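One structure is given here, and the rest of the page talks about it.
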Amino acid sequence: MVPLLGAACQLDKSGLSAVVTPSGSGGALVLAGSGGVTSTGGSGGVTAAGDGGTGGTAASGAGGDAVGAGGGGDVVDASGAGGGATGATGAGGFHGTGGSGGLRGMGGISGVGGLKGTGGVTTTTCGPPDADVDCAACVAAGGACDEGVCTFACGSGCSPCIAPITCPKGIACKITCPTGGCNAAIDCRAATTCSITCADNACGKPIQCAGSTCTVTCSGTNSCAGGVAATGDTSTVTCSGMGSCKGPMTCGGNDCDVECTGPTSCGSTVTTSAGTNKITCHGGNACAGDVKCSGNVCTTDCSGTKDCANGYCCYAASCETTPKTGVPTCH
């Protein structure tokens, strides 16, 4: 006959296993026999602070299935901590089940990442960072400072030259117009010196040039169609492109040199009035309009084919014309 066991003892397949359950403790310590099934841990007791009881620990025998349930934490108030439990596995056994934990706090809300900044606008430096007043005026006019020269490299980022070009006062000015460029008026009268170069079909509006030295080069085909007015102390206007300088040509100052060397160049009137003047028309059908020269000295060359077809007039104190015959002249 098998003796009756007490409330704290239990019999499994391998034999008697002792169970100790202290009142109010987190769980029961279970020692399972080989291959035995362990009992469930006891419920956690209520503590004065509202903490849950300590979870029971289950240890399994060799090869046994062991499950140790942790004690359940009693929640008295918000600070009541749930009981903890650790299940130790025997060889080939199952992990013990942890005890019921207390209320788990909610994780904080992740901060929203900052907005990524937009890349800055790329700017082009058209003058030195220590620009003086003249250089600042050049940049404001649409040019770029280059070693004391206000440069208009038309078609570039600094000088699109889509509006009339006005060189600022008190600084040298250089204007370079690409093919089809600078189809707006050019005013270079206030510059200390002025240099203008026009490629094919460029500079279609009037050009005004002055300063101590004024140089206008119309080397492109059909360039400088709007005419040129050069009034620098020393002025040189070269119309070497075919059909260049179709508009009226005027030149004054102390020394004036007008070169109409391109075929059919200087198709309108040519008028010079400087102290010393030189007019060259020998591009072939060049200087088709009236050619008039006045001042102290005037030298005119119309020796090309059908150049100065409408004749020329010299009103200077000294006139020298070439050829001396065959071309209508007036004095």
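Among all residue pairs at least 6 apart or on different chains, which show Cβ distances below 9 Å where the first residue, located in the stretch 163-174, is in contact (Cβ under 8 Å) with a residue 40 or more places away in the chain and the second is in a strand (DSSP E or B)?
Pro164/Ile186; Pro164/Asp187
Counting only residues that are assigned to a loop (DSSP other than H, G, I, E, B) and modelled with pLDDT of 90 or more, how many does the stretch 290-304 have? Walk me through how you get there before you give the answer.
Kept after step one, since they are assigned to a loop (DSSP other than H, G, I, E, B), are these residues of the stretch 290-304: 290, 294-296, 302-304.
With the extra rule that they be modelled with pLDDT of 90 or more, the set shrinks to 290, 294-296, 302.
The qualifying residues number 5.
Starting from the stretch 207-222, keep only residues that are over 18 Å from Pro164 (Cβ atoms) and of a type in the set (Val, Ile, Thr), then list their pairs with residues that are outside any strand (DSSP E or B) and open to solvent by 10 Å² or more (accessible area, probe 1.4 Å) whose Cβ atoms are within a distance under 9 Å, requiring at least 6 positions of separation or different chains.
Qualifying pairs under 9 Å: Thr213/Thr192; Thr213/Asp233; Thr217/Ser240; Thr221/Ala199; Thr221/Asp200; Thr221/Asn201; Thr221/Met242.
Working only within the stretch 214-233, note down all residues that are in contact with a Gly (Cβ under 6 Å, 6 or more places away or on another chain) and open to solvent by 30 Å² or more (accessible area, probe 1.4 Å).
Ser219, Thr221, Asn222, Ala225, Thr231, Asp233
Please go through the stretch 272-284 and pick out each residue that is modelled with pLDDT under 95 and either hydroxyl-bearing (Ser, Thr, Tyr) or open to solvent by 70 Å² or more (accessible area, probe 1.4 Å) (or both).
Selection gives His282 alone.
Considering only residues of the stretch 146-164 that are assigned to a strand (DSSP E or B), at pLDDT 90 or above and within 26 Å of the chain's Cα centre (by Cα), which is surrounded by the fewest Cβ atoms within 10 Å (Cβ to Cβ)?
Kept after step one, since they are assigned to a strand (DSSP E or B), are these residues of the stretch 146-164: 146, 149-153.
Checking which are at pLDDT 90 or above leaves us with 149-153.
Filter again for within 26 Å of the chain's Cα centre (by Cα), leaving 150-153.
Working: Cys150: 29, Thr151: 21, Phe152: 27, Ala153: 18.
Within the stretch 146-164, the match that is surrounded by the fewest Cβ atoms within 10 Å (Cβ to Cβ) is Ala153.
Since Thr197 meets every condition but one in (1) within 20 Å of Cys251 (Cβ to Cβ); (2) surrounded by fewer than 19 Cβ atoms within 10 Å (Cβ to Cβ), which condition does it not meet?
Going through the list (1) within 20 Å of Cys251 (Cβ to Cβ); (2) surrounded by fewer than 19 Cβ atoms within 10 Å (Cβ to Cβ), Thr197 breaks only (2).
Considering only the stretch 172-198, state which residues are aliphatic (A, V, I, L, M) and either at pLDDT 95 or above or closer than 18 Å to Thr231 by Cβ (or both). Give the derivation first.
From the stretch 172-198, those aliphatic (A, V, I, L, M) are 172, 175, 184-186, 190-191, 196; that's our starting set.
Ala172, Ile175, Ala185, Ile186, Ala190, Ala191, Ile196, listed by residue number.
The values are calculated or read from the model by the stated rules, or taken from the named source; none is laboratory data. Treat the numbers as computed from the prediction; the structure is a model and nothing was measured. Every residue, glycine among them, receives a Cβ derived from its backbone with ideal geometry; neighbour counts consider all protein chains shown. These accessible areas exclude ligands, DNA and RNA; they are computed on the full protein's heavy atoms, side chains included. Shrake-Rupley method; radii C 1.70, N 1.55, O 1.52, S 1.80 Å.
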